[in-house]
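Asker: One structure is given below, represented as structure tokens, and several questions about it will come after.
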Amino acid sequence: MTSPDQSLAALTWRDDTTPVSTRFDDPYFSLAGGLDEARHVFLAGNDLPERLHPGFAVAELGFGTGLNLIALSLLAGQLALPGPVSFTSFEAYPMSADEARRALSAFPEALAAAEPLLQALSEGATRFTLGRIEAEIVRGDARETLPRWSGAADAWFLDGFSPAKNPELWEPGLMAAVARHTRPGGSFATYSAAGAIRRALDAAGFDVTRAPGFAGKRHMSRGSLK
């Protein structure tokens with residue numbers, strides 16, 4: 001486990017605001033607008049504005065800056081849910097609180113809601129509450145930690161770095177583990193439309209469809225458990 005002030009993310013910064021992983025040579029979010037991307041790909045891609053309810057469980061591969069979690073928290077607040085939603089994210093290379101704050105500063109709406117998350121990162125906490133979301137960050141290689149997870153999700157955010165640069169987080173075996181940890185009728189969404197990813201998810205047990213991507217990207221992928 002990292003100490004509260006230790007980062008494993010290995011970053012450089014583009015235009016002083018966008019974090020880029022030097023390990024995977026890939027930015028953490030769309031240069032066209034990360035918060036809007038999270039809403040388009042992961043919230044709308046899983047039909048969460050219509051499906052979200054108290055007791056709903058979301059899981060994620062790749063916590064990154066926490067932007068997807070914040071987008072989910074903002075949605076839960078807008079819906080005025082009377083009870084909590086759970087969120088579990090699997091992350092091998094966590095950012096420090098200072099790095100996350102710097103990245104989120106590009107999105108004032110997200111930064112304004114992020115303080116409990118940033119406080120948790122600064123303290124090294126892996127469980128915390130953000131608005132109506134009960135969140136947990138599971139640190140380590142998801143290929144090892146996800147199969148040991150006792151939970152299951154109603155919706156998955158598959159948000160690793162590009163499959164071409166981070167193939168480990170898109171392996172067929174890991175996609176099969178995602179399916180095993182999905183509740184009946186559960187769903188997934190991802191920005192990736194790579195054929196190998198769609199085939200792996202289909203083989204794992206999902207009905208996979210392509211949908212319009214974000215900000216001019218031709219396609220993304222979404223689907224539900226068969």
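Asker: Can you find, among G62, H219, V138, the residue farthest towards the positive end of the dipole of the chain? Put +1 on the C-beta of Lys and Arg, -1 on that of Asp and Glu.
Answerer: Farthest towards the positive pole: H219.
Asker: Defining a contact as two alpha carbons under 8 Å apart and six or more residues distant in sequence, what relative contact order in percent does the chain show?
Answerer: Relative contact order, the chain: 21 percent.
Asker: Using all alpha carbons of the range 25-165, what is the percent of pairwise distances in each 10 Å bin, ordered from the shortest bin to the longest?
Answerer: For the range 25-165, the binned pair fractions read 12, 46, 37, 5, 0 percent.
Asker: So if I place +1 on the C-beta of Lys and Arg and -1 on the C-beta of Asp and Glu, and nothing else carries charge, what would the dipole magnitude of the chain be about its Cα centre? I want it in debye, nearest 20.
Answerer: 700
Asker: Hey, rough spin-label estimate for A211 and K226, points 7 angstrom out along Cα→Cβ, what's it come to in nanometres?
Answerer: Going from the A211 label point to the K226 one covers 2.1 nm.
Asker: Give me the one-decimal nm value for the distance between modelled label points at A203 and R180, 7 Å along each residue's Cα-to-Cβ direction.
Answerer: If labels sit at A203 and R180, their model points lie 1.6 nm apart.
Asker: Also, I was wondering about something else. Can you list the trypsin sites (Lys or Arg not before Pro) in the range 131-201 that are in a DSSP coil and have 15 or fewer other beta carbons within 10 angstrom?
Answerer: Passing both the DSSP loop test and the Cβ count: K165.
Asker: I've got another one for you. Based solely on its DSSP helices, what 222 nm [θ] is calculated for the chain when runs of n ≥ 4 H residues each add -39,500 (n - 2.57) and the sum is averaged over all residues, nearest 500 deg cm²/dmol?
Answerer: -8500 deg cm²/dmol
Asker: Given T182, T129, A38, which one lies farthest toward the positive end of the charge dipole of the chain, if we put +1 on the Cβ of every Lys and Arg and -1 on the Cβ of every Asp and Glu?
Answerer: Value: T182.
Asker: Something else about it: Applying 1/(1 + (r/R0)^6) with R0 = 22 Å to the Cβ-Cβ distance of A112 and Q78, what FRET efficiency is obtained, to the nearest 0.05? Could you put the intermediate results ahead of the total?
Answerer: Details: r = 14 Å, r/R0 = 0.64.
FRET efficiency, A112 to Q78: 0.95.
Asker: May I ask for the distance between the Cα centers of the range 94-116 and the range 8-49, given as a whole number of Å?
Answerer: One Cα centre to the other: 12 Å.
Bear in mind these aren't lab numbers, they're just calculated from the coordinates by the rules spelled out. Remember, predicted model here, so these are calculated numbers, not experimental data. Backbone-built Cβ (ideal geometry, glycine too); neighbour counts: all protein chains shown.
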